[in-house]
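Accompanying notes for the structure given below.
Read the figures in this text as sums done on the coordinates, not as results from a lab. Nothing here was measured: the structure is a model prediction, and the numbers come from that model. Heads up, the Cβs are rebuilt from the backbone with ideal geometry, glycines too, and the neighbour counts pull from every protein chain shown.
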Amino acid sequence: MQIVADFHLHSKYARATSPQCEPDGLAEGAKIKGINVMATGDFTHPTYFQELKQKLTEEKGGLFPYKGIDFILSVEISLIYSGKKHANKMHHIVLAPNFAVAEQINDVLGKRGNLKSDGRPILGIKSPEFAEMLFEISKEIVIIPAHAWTPFFGVFGSQSGVDSVEEAFEDQAKNIFALETGLSSDPALNWMLSKLDKYTLVSNSDAHSLDKLGREANVFDLEELSYKSLMNAIKTRKGFVKTYEFYPEEGKYHYDGHRNCKVLLAPSETKKYSNLCPSCKRKLTVGVLNRIYELADRKYGFKPENTVPFQHIVPLKTVISKVIKRPETSRLVFDQYNKLIQYFGNEFAVYEASEEQLRLATSKEIADALIRVNKGEVSWRPGYDGVFGDLILAEDRKEKIAKDRKQRRLDEF
């Protein structure tokens with residue numbers, strides 16, 4: 001059976017998150033997107049944990065069917081602590097196999113910090129100690145460094161304080177087998193680092209609203225669906241079909257820059273300005289692409305053996321909005337989006353549709369745009385310093401777009 005899974009999102013108990021992000025809303029949102037396995041998010045929050053226990057019942061070996069969707073217990077933990085050189089700041093996804101283990105995690109972490117303050121709690125625990133604490137509870141717990149390259153809280157981020165998983169987790173690094181690429185990088189960029197070959201690359205939405213569910217996701221082909229079979233597929237890459245990925249330029253930390261001054265810079269330009277904003281002379285936020293090139297030991301385009309394939313996607317509402325020149329939140333965009341969902345059943349089915357099917361389902365202009373997205377014939381004003389990238393649909397310069405996109409990555413240094 002083919003399964004689409006999103007292992008990282010947040011509940012209404014996390015800051016800046018929609019009140020609809022609770023089991024009922026998440027289940028409905030998952031159906032529209034085409035997600036089969038959905039993270040609960042935020043199980044360390046005491047109130048939310050009780051709500052989860054009331055609504056969810058384990059029936060599938062660590063998965064919790066609810067309103068047609070299988071939920072998996074998840075939380076993102078923010079760790080901030082003094083490192084060997086300077087402060088370390090990292091976010092880690094934690095997946096738990098059942099309520100009993102999750103409750104033990106909450107008991108242990110609750111003694112080290114305030115779990116009530118936020119669905120994504122902030123704790124002053126070092127990553128090696130954190131991992132050891134959790135793996136002592138259960139070897140079935142999975143820890144995945146979240147959005148590995150984002151500047152402020154990614155394990156490899158320009159502000160995180162470390163350059164490797166080994167440096168971050170020390171003796172516990174042997175128990176880390178997966179990394180989340182984040183919205184501003186994709187597998188091809190991560191393949192530039194040989195030291196990452198041993199880690200399976202996963203992709204998730206990190207959603208704070210129902211609209212953002214599944215903006216990145218994982219696809220599996222499994223004989224039996226359970227917590228164990230999913231984690232084994234990630235660990236071994238057997239049955240791991242592909243990941244759905246943002247174009248990394250769309251991510252809000254792909255390029256370098258300074259949002260307040262509206263300064264957007266490619267890494268080569270950042271070097272010219274000595275990492276300082278040319279407008280206000282303050283430090284620039286060094287983005288994902290720059291950081292990858294700093295640590296890379298391979299050229300872009302190298303593909304290691306036994307990698308999981310990936311497919312670039314753009315959220316449907318973003319594409320429709322660009323075509324009809326209306327805001328993504330407008331009624332006109334919603335109507336065109338809903339027309340596609342009604343025709344195909346869910347959003348991921350649209351990404352898998354043939355050109356002929358797309359032309360039958362929607363207007364010529366929208367179909368053409370979706371086909372160009374699928375072929376990679378799009379361009380971007382890259383995201384930077386917390387600003388998402390801006391999609392540029394171009395019909396008359398397809399070859400130039402592909403060439404420019406490749407050269408920007410390869411030749412800008």
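Measuring spread by the Cα atoms of segment 58-213 yields a radius of gyration and Dmax of 15.5, 49 Å.
For the chain, the equivalent ellipsoid derived from the Cα gyration tensor has semi-axes of 31, 28, 20 Å, listed largest first.
For the residues 38, 231, 90, a GNM of the chain with alpha-carbon springs under 10 Å puts the largest fluctuation on 231.
The Cα trace of segment 19-65 gives Rg and Dmax of 10.8, 29 Å, the first to one decimal, the second as a whole number. Only the Cβ atoms of Lys and Arg (+1) and of Asp and Glu (-1) were treated as charged; on that basis the dipole of the chain about its Cα centre amounts to roughly 1280 debye. Roughly speaking, what is the centre-to-centre gap between segment 132-169 and segment 342-356 when only Cα atoms are used, to the nearest Å? About 36 Å separates the Cα centre of segment 132-169 from the one of segment 342-356.
As a rough guide to protection, the peptides 113-121, 298-306 ranked by mean Cβ packing within 10 Å, highest first, stand as 113-121, 298-306.
Other residues with beta-carbon under 12 Å from the beta-carbon of residue 173 carry, at +1 per Lys or Arg and -1 per Asp or Glu, a net charge of -2. In terms of packing, defined here as the mean over residues of other Cβ atoms within 10 angstrom, the peptides 308-317, 347-356, 198-207 line up highest first as 198-207, 308-317, 347-356.
On the beta carbon distance between residue 279 and residue 331, with R0 = 30 Å, the FRET formula returns roughly 0.20.
Beta bridges assigned by DSSP with both partners in the chain are antiparallel in approximately 70 percent of cases. Taking the helices alone, the chain has a mean residue ellipticity at 222 nm of -9500 deg cm²/dmol, built from -39,500 (n - 2.57) per DSSP H run of at least 4 residues and averaged over all its residues.
Expressed in Å, the radius of gyration and Dmax of the Cα atoms of segment 165-233 are 14.0, 39. Taking the alpha carbon gyration tensor of segment 266-316, multiplying each eigenvalue by 5 and rooting it gives semi-axes of 30, 17, 8 Å, largest first. Across the chain, the relative contact order, built from alpha-carbon pairs under 8 Å that are at least six residues apart, equals 15 percent. Averaging the Cα positions of each part gives two centres, and for segment 261-279 and segment 177-256 these lie 30 Å apart.
For segment 71-161, list log₁₀ I(q)/I(0) at each q in 0.23 Å⁻¹, using the Debye formula over Cα point scatterers of equal strength and ignoring solvent, two decimals each. Each listed q maps to, in turn, -1.21. By the beta-carbon count within 10 Å of each Cβ, the least crowded to most crowded order of 281, 126, 53, fewest first, is 281, 53, 126. Computed 3J(HN,Hα) for segment 189-205, one whole-Hz value per residue from the Karplus formula 6.51 cos²θ - 1.76 cosθ + 1.60 where θ = phi - 60°, is 6, 5, 5, 6, 10, 5, 5, 9, 4, 7, 9, 6, 9, 10, 9, 9, 7, glycine and proline marked x.
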